[in-house]
1. Inspect all residues belonging to region 53-62 and state whether any of them is closer than 20 Å to D98 by Cα, free of Cβ contacts under 8 Å to residues at least 24 places away in the same chain and surrounded by 14 or more Cβ atoms within 10 Å (Cβ to Cβ).
2. Looking at (1) open to solvent by 20 Å² or more (accessible area, probe 1.4 Å); (2) part of a strand (DSSP E or B), can you tell me which one L80 breaks?
3. If I ask for residues that are out of contact with any Lys or Arg (no Cβ under 8 Å at 6 or more places or on another chain) and not in a strand (DSSP E or B), which ones from region 36-54 would you list?
4. Would you check which residues across region 1-35 are open to solvent by less than 90 Å² (accessible area, probe 1.4 Å), farther than 18 Å from D98 by Cβ and not in a loop (DSSP other than H, G, I, E, B) and list them?
Amino acid sequence: MHYGVIKGEFYFNLTINGNLIGEFTHDKMPDNCWDVECANKFGERNDGFIGKFISTWLEDKKSHTTILSIQKLSDIEVSLVWNNLENKTIFKGMGKIDGATLSGEYTSAE
């Protein structure tokens, strides 16, 4: 996953157990290509989208795992940071919550 700086979009749906299932795309992927990302929440599960998650996805036939931190900015706006397992920031994003869906945009941290 060495694309240089990337810009992308994502959405997550909140499961009844507090985990996230969604899809993402970015400007280095083929047109109309969306890949799956899922995230298991750890810690308090009663805060909906807010908190820390272990996030995984496949891209270019390779598995990626990060710690996804979602912080509340307002009633509907959140910031997202994906850190690798060595705690280096990989992606940063902003999103909006609409019911059980969180959608937004992200960029690589390079």
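1. Step one: filter region 53-62 for residues closer than 20 Å to D98 by Cα, giving 53.
From what is left, the residues that are free of Cβ contacts under 8 Å to residues at least 24 places away in the same chain are none.
The answer is no; no qualifying residue exists.
2. Among (1) open to solvent by 20 Å² or more (accessible area, probe 1.4 Å); (2) part of a strand (DSSP E or B), the lone unmet condition for L80 is (1).
3. E44, R45, N46, D47, G48, F49
4. Once the filter is applied, which keeps residues that are open to solvent by less than 90 Å² (accessible area, probe 1.4 Å), farther than 18 Å from D98 by Cβ and not in a loop (DSSP other than H, G, I, E, B), region 1-35 yields G8, T25, H26, D35.
The values are calculated or read from the model by the stated rules, or taken from the named source; none is laboratory data. Predicted model, so just to flag it, every value in this text is computed and none were measured. Don't worry about glycine lacking a Cβ; one is built from the backbone with ideal geometry, like all the others, and counts go over all protein chains shown. Ligands, DNA and RNA are excluded from the accessible area calculation, which covers all protein heavy atoms including side chains. Shrake-Rupley method; radii C 1.70, N 1.55, O 1.52, S 1.80 Å.
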